[in-house]
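Asks: Please find one structure pasted underneath; my questions will follow.
The values are calculated or read from the model by the stated rules, or taken from the named source; none is laboratory data. Predicted, not measured: the structure shown is a model, and the values here were computed from it. Heads up, the Cβs are rebuilt from the backbone with ideal geometry, glycines too, and the neighbour counts pull from every protein chain shown.
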């Protein structure tokens, strides 16, 4: 997968997770509330500017956390809420994420051994 398609995939997943969070917590349908839209816009911007996209899997595994503290807290809240529910709404993405997370965890463990 090339860097641009990886970047687009990441933005798609973040968007789905924020939409799910907003729908379930703010009662929105189709459109995001202003706060969630702001978070999505910010997440897309951070993804577009990420210099590590070629080698990273997920932002949570990155050594550099480029989100501002308040936005980082908001995205963590969204991820904690939406992550477990993704299996019901987007099962293929959820399973792919689990597999990639396991691979990345193993890779990081091997890297830290050396």
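Asks: Residue 35 passes all but one of (1) in contact with a helix residue (DSSP H, G or I) (Cβ under 9 Å, 6 or more places away or on another chain); (2) surrounded by 13 or more Cβ atoms within 10 Å (Cβ to Cβ); which number fails?
Replies: Looking at each condition in turn, residue 35 falls short on (2).
Asks: So, in region 88-105, of the ones that are surrounded by 14 or more Cβ atoms within 10 Å (Cβ to Cβ) and assigned to a helix (DSSP H, G or I), which residue ends up modelled with the highest pLDDT? Spell out the reasoning first.
Replies: Within region 88-105, the subset surrounded by 14 or more Cβ atoms within 10 Å (Cβ to Cβ) is 89-90, 93-94, 97, 101, 104.
Remaining after also requiring assigned to a helix (DSSP H, G or I): 89, 93-94, 97, 101, 104.
Numbers: 89: 95, 93: 90, 94: 90, 97: 84, 101: 80, 104: 79.
Here the answer is 89.
Asks: So, in region 53-71, exactly how many residues are modelled with pLDDT under 95 and surrounded by 13 or more Cβ atoms within 10 Å (Cβ to Cβ)?
Replies: Going through region 53-71 one residue at a time, the tally reaches 9.
Asks: Let me ask you something else. Considering only region 21-47, state which residues are touching a residue at least 40 places away in the same chain (Cβ under 8 Å) and under 13 Å from the mean Cα position of the chain (by Cα).
Replies: Answer for region 21-47, where residues must be touching a residue at least 40 places away in the same chain (Cβ under 8 Å) and under 13 Å from the mean Cα position of the chain (by Cα): 21, 47.
Asks: Please go through region 68-91 and pick out each residue that is in contact with a helix residue (DSSP H, G or I) (Cβ under 7 Å, 6 or more places away or on another chain) and free of Cβ contacts under 8 Å to residues at least 12 places away in the same chain.
Replies: Matches in region 68-91: 87 only.
Asks: Would you confirm, using the coordinates I've provided, whether residue 40 is within 20 Å of residue 6 (Cβ to Cβ) and surrounded by 13 or more Cβ atoms within 10 Å (Cβ to Cβ)? Lay out the reasoning, then the answer.
Replies: On the way: within 20 Å of residue 6 (Cβ to Cβ): yes; surrounded by 13 or more Cβ atoms within 10 Å (Cβ to Cβ): yes.
Criteria met by residue 40.
Asks: Residue 32: modelled with pLDDT of 95 or more and closer than 26 Å to residue 99 by Cα, yes or no?
Replies: Working: modelled with pLDDT of 95 or more: yes; closer than 26 Å to residue 99 by Cα: no.
Spelling it out, it is not the case that residue 32 is modelled with pLDDT of 95 or more and closer than 26 Å to residue 99 by Cα.
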